[in-house]
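**Q** Following this message is one structure expressed as structure tokens.
The values are calculated or read from the model by the stated rules, or taken from the named source; none is laboratory data. The structure displayed is predicted, hence computed values, not measured ones. No Cβ is skipped: glycine too gets one built from the backbone with ideal geometry, and neighbour counts run over all protein chains shown. Surface areas here come from the heavy atoms of the whole protein model, side chains and all, with no ligands, DNA or RNA. Shrake-Rupley method; radii C 1.70, N 1.55, O 1.52, S 1.80 Å.
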Amino acid sequence: MRGSAEVIAALFILFGVSMSLIGAIGLTRLPDVYTRSHAASKSATLGVLCTLTGTLLYFLISEGYFSIRLILGIFFVFLTSPVASHMIIRAAYRSRVPMAETSVQDDLQEYMRKKAGQAER
């Protein structure tokens, strides 16, 4: 039981490291702040969560140690990373940072026009 549980924990950690690597590649390869932030928020968050979950499983199964710090780390990363990414993207959009020329659609454009029209009244 112990050996197979360590393999499961190692698979979680390996998957987390792989997702973090994909996020890092996305940060360097994608064209604008919007798509880069998407890469950072999705894959890097999933990578950190899987790595912390694998670490929690390893210590729980192999040493019988339950770490509340790892649970809190998982919880806070799960809450703060998507919110921070959303706020960065929103600030970039409101600062009129241009989208990549390959972007197909701007869903917020019509909403921001309506909001600006209501503010003028």
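**Q** In whole percent, and with a 1.4 Å probe on the protein chains, what portion of the accessible area of the chain is carbon and sulfur?
**A** 67
**Q** Which of the peptides 26-32, 7-13 is most tightly packed, and how do the rest follow, judged by the mean count of other Cβ atoms within 10 Å per residue?
**A** 7-13, 26-32
**Q** Can you tell me, using C-alpha contacts under 8 Å and at least 6 residues apart, the relative contact order of the chain as a whole percent?
**A** Value for the chain: 28 percent.
**Q** Let me ask something else about it. Counting only complete DSSP H runs, which helices of the chain cover 24 Å or more along their long axis at the Cα atoms and score a mean Kyte-Doolittle of 1.0 or above?
**A** Those that pass (Cα extent of 24 Å or more, hydropathy at least 1.0) are 2-29, 45-62, 68-94.
**Q** Still on this structure: Over the chain, with the other protein chains present, what is the accessible area per residue in square angstrom, probe 1.4 angstrom?
**A** I get 72 Å² per residue for this part.
**Q** Which net charge results for the neighbourhood of MET112, defined as the other residues with beta-carbon distances under 11 angstrom from its beta-carbon, given Lys and Arg at +1 and Asp and Glu at -1?
**A** Summing Lys and Arg as +1 and Asp and Glu as -1 gives +3.
**Q** Where does each of 80-91, 95-106 land if you order them by average Cβ count within 10 Å, highest first?
**A** Ranked from most to least packed, the peptides come out as 80-91, 95-106.
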